[in-house]
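Step one of this worksheet: look at the structure below.
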Amino acid sequence: MSEAVRSESVEDIEIQLLLEALYRRYHYDFRHYARASIKRRLRQALEQLGFKNFSAMQQALLHGDTLVTRLLDYLTVQVSEMFRDPGYFRAVREKVLPHLRTYPSLKLWIAGCSQGEELYSFAIMLHEEGLLDRTLIYATDINPAALEAAQAGVYALDRLAAFTRNHQLAGGKSSLSDYYTTAYGRAVFDKALRAQVVFSDHSLVTDAVFAECQFVSCRNVMIYFDRQLQDRAVGLFRDSLSRRGFLGLGSKETLRFSAHADAFSEFVREEKIYQRRDG
Amino acid sequence: MSEADPRAVVIGASAGAVQALSEILPRLPADYPLPVLIVVHVPDSPSGLVTLFASKSAVAVREPEDKEPIVPATVYVAPPGYHLLVEPDRSIALSTDEPVLFSRPSIDVLFESAAESYGRGLVAVILTGANEDGARGAAAVHAAGGTVLVEDPAHAYAATMPSAALLRCPDAIVLSLDGIVDHLLNLGTS
Ligand SMILES: C[S@@+](CC[C@H](N)C(=O)[O-])C[C@H]1O[C@@H](n2cnc3c(N)ncnc32)[C@H](O)[C@@H]1O
């Protein structure tokens, strides 16, 4: 059997059309997300939302305007943690911050900030290092509910044990409990941490460069993109970074297969921290 | 042979996996003609597994990175905390989606995506394990025309996983660990 002529399944066609509809009607562009996992999540949505098939779902998506929000929650993965992969934060603290310290003011972009776990991790670390006051942080995502949660900075108490352990492993110089108060089974993080944070709806797929930054942290977001889309996002980061600026990725992500690999050098190899080359 | 044109092997294992894989991986030659993708549930010592098998095996054993092209003569072990999937262009995709049946990586997730990419060219192996992950995936491999091998539950360290797979996929071939190795060594040597 020739693989090349293997015909597309009806489901594949329907998924393609559904994603096209989502883009044309709502401007959410998932057309070039990694196909295997988006298919999984769409099937899950189909089952749980009770549609007969993707054509029926597309119909509901086009003719109503409530489905899009729910679909977005299936299509964007919100799994995160504070100080996720503590080694990454330790490397930022020990190897990157000494460089950034030499700037009078700093801009940090957290792309795909989810519900803010990564954002508060950075804010706490920058505070511990005495750099928070001179740092402007952009926290961006495409999921409005996630952005709202990030802005609120409130987490279920049962997540705090893991956050606290990660913080210590990441070389934390203070106690995480200094930064939150508890109420009604929740931890409410100190709003001083976000005094200089700009929260914004921004898509790495459809939006453009908006600022010049010294550090971009984009972790476990591009992992959901296909290679072509990864190239677009990495191009965006290159154009957003100042000369010799830093780019941090998730621990299984790499620029190795990127069209822009040459624009960066490996700064801390094991932790996927890259530096923009001169010029 | 049922598999017309084998292109990849996927393996899933849980409790007792280290032992079982120790019977298999060291026997694959350095130029094994197919890629092998593995999901193992290991609670603690995560990446230690790769180091262990890499040192014992002639074939290359490693944890893949996202969007890495899949090539023969390489064993890819799912990194702890990530699902391992195969993209339509046959590159690796990793994801941090929620666990499936309490597992991340999940055998079902790997098998289902590999079945879609490789169809009849896929050989799936279910080894020992104390949960039911992989049963659904094995059925998907079979439905896509691939071959399913299941370690004989009577001799497996933990029978639950191979038994569950057989229940969902009664046409699977039941083999001893040795039989599985022989089968794998015969692939691609037409
Ligand atoms: C798995 S979370 C990663 C959270 C955090 N960075 C971490 O590593 O823990 C992925 C996030 O990327 C967001 N996302 C998905 N597509 C995006 C896009 N095109 N542009 C910006 N963010 C996106 C999702 O909404 C989600 O919040």
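The values are calculated or read from the model by the stated rules, or taken from the named source; none is laboratory data. Please read all numbers here as calculations on a predicted model, not as lab measurements. Positions of Cβ are generated from backbone atoms using ideal geometry, with glycine treated the same way; all protein chains shown enter the neighbour counts. Protein only, heavy atoms only, side chains kept; ligands, DNA and RNA dropped before computing areas. Shrake-Rupley method; radii C 1.70, N 1.55, O 1.52, S 1.80 Å.
Among the residues of the range A:204-256, write down those that are hydroxyl-bearing (Ser, Thr, Tyr) and within 16 Å of A:Ala34 (Cβ to Cβ).
The first filter runs over the range A:204-256 and keeps only residues hydroxyl-bearing (Ser, Thr, Tyr), leaving A:206, A:217, A:224, A:240, A:242, A:251, A:254.
Correct list: A:Tyr224, A:Thr254.
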Scanning the range A:93-146 for residues that are among the polar types (S, T, N, Q) and open to solvent by 30 Å² or more (accessible area, probe 1.4 Å), which turns out farthest from the ligand (Cβ to nearest atom)? A:Thr102
What number of residues within the range A:156-197 are in contact (Cβ under 8 Å) with a residue 60 or more places away in the chain and within 30 Å of A:Leu71 (Cα to Cα)? 6
Result of the Cβ filter at 6 Å on the range A:93-120, keeping first residues that are not assigned by TED's automatic domain parsing to the domain that holds A:Val268 and partners that are in a helix (DSSP H, G or I) and within 11 Å of the ligand (Cβ to nearest atom), at least 6 apart or interchain, is none
Taking A:Ala195, is it away from the ligand (no atom under 12 Å from the Cβ), open to solvent by 70 Å² or more (accessible area, probe 1.4 Å) and either closer than 29 Å to B:Leu84 by Cα or away from chain B (no Cβ under 14 Å) (or both)? yes
Please go through (1) open to solvent by less than 10 Å² (accessible area, probe 1.4 Å); (2) more than 9 Å from chain A (Cβ to nearest Cβ) for B:His83 and return the number of the only condition it doesn't satisfy. (2)
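For every residue, the table says whether it meets (1) of a type in the set (Asp, Glu); (2) within 12 Å of the ligand (Cβ to nearest atom); (3) under 21 Å from the mean Cα position of the chain (by Cα).
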{"position": "A:Arg186", "(1), (2), (3)": "no, no, no"}
{"position": "A:Asp201", "(1), (2), (3)": "yes, yes, yes"}
{"position": "A:Tyr224", "(1), (2), (3)": "no, yes, yes"}
{"position": "A:Gln228", "(1), (2), (3)": "no, no, yes"}
{"position": "A:Glu253", "(1), (2), (3)": "yes, yes, yes"}
{"position": "A:Tyr274", "(1), (2), (3)": "no, no, yes"}
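When you look at B:Ile180, is it surrounded by fewer than 16 Cβ atoms within 10 Å (Cβ to Cβ) and either under 28 Å from A:Glu8 (Cα atoms) or modelled with pLDDT of 95 or more (or both), yes or no? I'd like the intermediate steps shown before the answer.
On the way: surrounded by fewer than 16 Cβ atoms within 10 Å (Cβ to Cβ): no; either under 28 Å from A:Glu8 (Cα atoms) or modelled with pLDDT of 95 or more (or both): yes.
No, not satisfied.
Out of the residues in the range A:30-64 that are of a type in the set (A, V, I, L, M, F, W, C) and open to solvent by 40 Å² or more (accessible area, probe 1.4 Å), state the one that is nearest to the other protein chains (Cβ to nearest Cβ).
Initial filter on the range A:30-64 (of a type in the set (A, V, I, L, M, F, W, C)): A:30, A:34, A:36, A:38, A:42, A:45-46, A:49, A:51, A:54, A:56-57, A:60-62.
Still in the running and open to solvent by 40 Å² or more (accessible area, probe 1.4 Å): A:51, A:62.
Values: A:Phe51: 20, A:Leu62: 26 Å.
Among residues in the range A:30-64 that are of a type in the set (A, V, I, L, M, F, W, C) and open to solvent by 40 Å² or more (accessible area, probe 1.4 Å), the one nearest to the other protein chains (Cβ to nearest Cβ) is A:Phe51.
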Taking the condition of being in contact with a Gly (Cβ under 9 Å, 6 or more places away or on another chain), open to solvent by less than 50 Å² (accessible area, probe 1.4 Å), within 16 Å of the ligand (Cβ to nearest atom) and farther than 12 Å from A:Ser121 by Cα, how many residues in the range A:162-184 meet it? 0
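Name the residue, out of A:Ala152, A:Ala162, A:Ala111, that is closer than 17 Å to A:Ala192 by Cα and modelled with pLDDT of 95 or more. So that I can check it myself, show each step before the final result.
Numbers: A:Ala162 fails: closer than 17 Å to A:Ala192 by Cα; A:Ala111 fails: closer than 17 Å to A:Ala192 by Cα.
Checking each option against the conditions leaves just A:Ala152.
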Could you look through the range B:95-129, keep only residues that are more than 13 Å from every other protein chain (Cβ to nearest Cβ) and at pLDDT 95 or above, and pick out the one that is surrounded by the most Cβ atoms within 10 Å (Cβ to Cβ)? B:Ile107
How many residues are surrounded by 21 or more Cβ atoms within 10 Å (Cβ to Cβ) and more than 11 Å from the ligand (Cβ to nearest atom) when one looks only at the range A:203-213? 1
Any residue in the range B:162-190 that's closer than 27 Å to B:Ala73 by Cβ: show its pairings with residues that are open to solvent by 20 Å² or more (accessible area, probe 1.4 Å) and acidic (Asp, Glu) at Cβ separation under 6 Å, as long as the two are six or more apart or on different chains. B:Ser176/B:Asp152; B:Leu177/B:Glu23
Pick from the range A:12-29 the residues that are open to solvent by 30 Å² or more (accessible area, probe 1.4 Å) and within 16 Å of the ligand (Cβ to nearest atom): which of them is farthest from the other protein chains (Cβ to nearest Cβ)? A:His27
So A:Ala263 clears everything in (1) within 16 Å of the ligand (Cβ to nearest atom); (2) farther than 18 Å from A:Ile110 by Cβ; (3) of a type in the set (A, V, I, L, M); (4) away from every other protein chain (no Cβ under 14 Å) except one condition, right? Which one? (1)
Quick check, is A:Val268 of a type in the set (Val, Ile, Thr), crowded, with 16+ Cβ neighbours inside 10 Å, over 15 Å from the mean Cα position of the chain (by Cα) and away from the ligand (no atom under 15 Å from the Cβ)? yes
Kindly check whether there is at least one residue in the range A:68-88 that is open to solvent by less than 30 Å² (accessible area, probe 1.4 Å), of a type outside the set (A, V, I, L, M) and more than 16 Å from the ligand (Cβ to nearest atom). no
List the strands (runs of 3 or more DSSP E) that sit entirely inside the range B:8-108 and contain at least 3 residues that are over 23 Å from B:Leu187 (Cβ atoms) and not acidic (Asp, Glu). B:92-95
